[in-house]
Amino acid sequence: MQVYQREEHGISRKDISENALKVLYRLNKAGFDAYLVGGGVRDLLLDKEPKDFDIATNATPEEIKALFRNCRLIGRRFRLAHILFGRDVIEVATFRGHHDAGTVKMPAGKQAIASRNHEGMLLRDNVYGTIDEDAERRDFSINALYYSIKDFTVTDYANGVVDLQNRLIRLIGDPETRYREDPVRMLRAVRFAVKLDMQIEANTAAPILELSTLLKDIPAARLFEESLKLLQAGKGLETYKMLREYNLFQQLFPILAEHFTEDHSSQTEQMIEHILAATDDRIAEGKRVNPAFMFAAMLWYPMNVRAEEIASTSGLSDYDAFMIAANDILDDQVKNIAIPRRLTTTVRDIWQQQHRFSRRFGKRAFAMLEHPKFRAAYDFLEMRGQFEGQDVAELATWWHKFQFAGRDERNKMVQELGGGHQRRRRRPQRRKKPQAKSAS
């Protein structure tokens, strides 16, 4: 353990969230130990602006809740306190103890709860301990850093400051054991390496390939949240490449892995790299990104292959096969990553509109413009034009011109297709059956 004095680390309170300081001061005033911990300290030491300010304390979740009226307790696997300041949330965790300790100190009337599965993964882990034990339970050395507002020191329990200087991501403890406890740590190792422009330390990296399949045991809802952190944080393309190198991306998206090639040349692979690069660019420009659009792009070609297989074996129309394939692919994917229904609905809308873009006759083109997902669907069509040949590119060009044209110009464009003055054919009226004449 190394303690860095105020003049040795350069962290200033002016760089710490005002709400985080309020929580720290109140916990201290109530007689509890409380520290800014983990990524907030790490980023401040790297002269980066922290995204979150997390706090660790010896107060239990119930004691924290008693101190803060704006507190909400969450989690079963790890019991946490969220202190709410409008949209700003300060996460406060009680010091964790060793789950396999013979005797664990708990508050009166409380029981230590910890359980594992057969692979050694922690399922529930509400065991409280000391700050020393908490530091040993942290995943990476660069996250075992504790900043105190009492004396303005940074306490480093695992040579994290040295690893920051050497730009190394290193697990605390035995890597295989730590990965088995929580396989998501493999994803976090990659995410931190890319995010912080660091290398994964050799011993930390060594077991990942062999243990990558342990991700199959992680709840799909948790992996959805992790997938957004990995792919929509501004370095998605670089993260994807490293995840794939360690056989981790393949666990998150097994449907996509079926289309991987040695030279990364398949349409699926080209689309993945294109959409992730485009997403990175949008984030760099401060623009919003839609996870549904990313998932629609990544799964587009596997869905089309599935549709062709269904059409050829079932005799269904192309459109019916397309709709069945869309449902199949999304149903399969949510087993690994629980994409919420609000997003899968948007994915389906974007895909369906691709079939409708070629139906431009009569009023259909005008109706298309009114569809709530037109813009996303058009952007998707334009993107497809880069991969699917001249016909799709020309169709995208037509729709680009049509959406920005005036009313008269739009009418002319539709008429030039040959559908401007076509009248809808009326169904012939059914002939009424002659009624039997009543007997006179």
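Numbers at a glance
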read-out	value
Residues satisfying the stated conditions in the range 192-219, i.e. in a helix (DSSP H, G or I) and either open to solvent by 60 Å² or more (accessible area, probe 1.4 Å) or touching a Lys or Arg at 6+ places or on another chain (Cβ under 6 Å) (or both)	V194, K195, A202, N203, T204, L209, E210, T213, K216, D217
Members of the range 275-322 found to be surrounded by fewer than 16 Cβ atoms within 10 Å (Cβ to Cβ) and of a type in the set (S, T, Y), listed by number	S312, T313, S314, S317, Y319
Selection status of E201, acidic (D, E) and either under 28 Å from E7 (Cα atoms) or within 23 Å of the chain's Cα centre (by Cα) (or both)	no
Answer residue from the range 144-169, given it is within 13 Å of Q5 (Cβ to Cβ) and hydrophobic (A, V, I, L, M, F, W, C) and is surrounded by the fewest Cβ atoms within 10 Å (Cβ to Cβ) among those	F152
Number of the condition not met by G31 [criteria: (1) open to solvent by less than 40 Å² (accessible area, probe 1.4 Å); (2) out of contact with any Asp or Glu (no Cβ under 9 Å at 6 or more places or on another chain); (3) assigned to a loop (DSSP other than H, G, I, E, B)]	(1)
Residue within the range 50-58 that is under 20 Å from S141 (Cβ atoms) and out of contact with any Gly (no Cβ under 9 Å at 6 or more places or on another chain) present	no
Any pair with Cβ under 9 angstrom, 6 or more apart, that starts in the range 309-327 at a residue that is closer than 21 Å to R341 by Cα and ends at one that is aliphatic (A, V, I, L, M) and in a loop (DSSP other than H, G, I, E, B)	I324/L316
Residues (among the basic types (K, R) and either without any contact (Cβ under 8 Å) to a residue 40 or more places away in the chain or at positive phi (or both)) located in the range 365-385	K373, R375
Helices (runs of 4 or more DSSP H) wholly inside the range 272-376 that include at least 2 residues being in contact with a helix residue (DSSP H, G or I) (Cβ under 8 Å, 6 or more places away or on another chain) and under 25 Å from L243 (Cα atoms)	291-314, 318-333, 341-356
All positions within the range 41-56 that are in contact (Cβ under 8 Å) with a residue 60 or more places away in the chain and in a helix (DSSP H, G or I)	V41, R42, L44, L45
Options A81, A59, A93: the member that is small (G, A, S) and assigned to a loop (DSSP other than H, G, I, E, B)	A59
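The values are calculated or read from the model by the stated rules, or taken from the named source; none is laboratory data. These numbers were taken from a predicted model, which means no experiment stands behind them. Neighbour counts run over all protein chains shown; Cβ positions are idealised from the backbone, glycine included. Keep in mind that these areas ignore ligands, DNA and RNA; they rest on the heavy atoms of the full protein, side chains included. Shrake-Rupley method; radii C 1.70, N 1.55, O 1.52, S 1.80 Å.
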